[in-house]
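One structure below.
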Amino acid sequence: MEYQRPPIGTLTTSLAALSAGVAPATIRDWVRRGLLTRCGGSPKRPLYRVADVEAARYAAKPTRDNQRTAKAA
């Protein structure tokens, strides 16, 4: 069961994904990598602060040495 309306200033995983323009799996990945922290909810229905989601969205993401990079045309 999804929240009817999360508490003010918080977002569910799906709402955080919509806000950041990413997939819900990306939000879960940010949590796993430590870029985003949960602020409440339950283990299956976490909540995130709006400001934390925006900070994670613009945070510098670590890259791997062999990761492909876009080449200028």
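The values are calculated or read from the model by the stated rules, or taken from the named source; none is laboratory data. This one's a predicted model, so the numbers in the text were calculated from it and none came from an experiment. Cβ coordinates were reconstructed from backbone atoms using ideal geometry, including for glycine residues, and neighbour counts include every protein chain displayed.
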Practice task
Please specify each residue of segment 4-30 satisfying the condition of being hydrophobic (A, V, I, L, M, F, W, C), in contact (Cβ under 8 Å) with a residue 12 or more places away in the chain and surrounded by 17 or more Cβ atoms within 10 Å (Cβ to Cβ).
Solution key: Leu11, Ala16, Ala20, Ile27, Trp30
Handout entry: Residue check, Arg68 of a type outside the set (S, T, N, Q), out of contact with any helix residue (DSSP H, G or I) (no Cβ under 6 Å at 6 or more places or on another chain) and modelled with pLDDT of 95 or more
Key = no
Practice task
Select from segment 31-60 the residues that are surrounded by 17 or more Cβ atoms within 10 Å (Cβ to Cβ) and in contact (Cβ under 8 Å) with a residue 40 or more places away in the chain and write down the one among them that is farthest from Arg5 (Cα to Cα).
Solution key: Val53
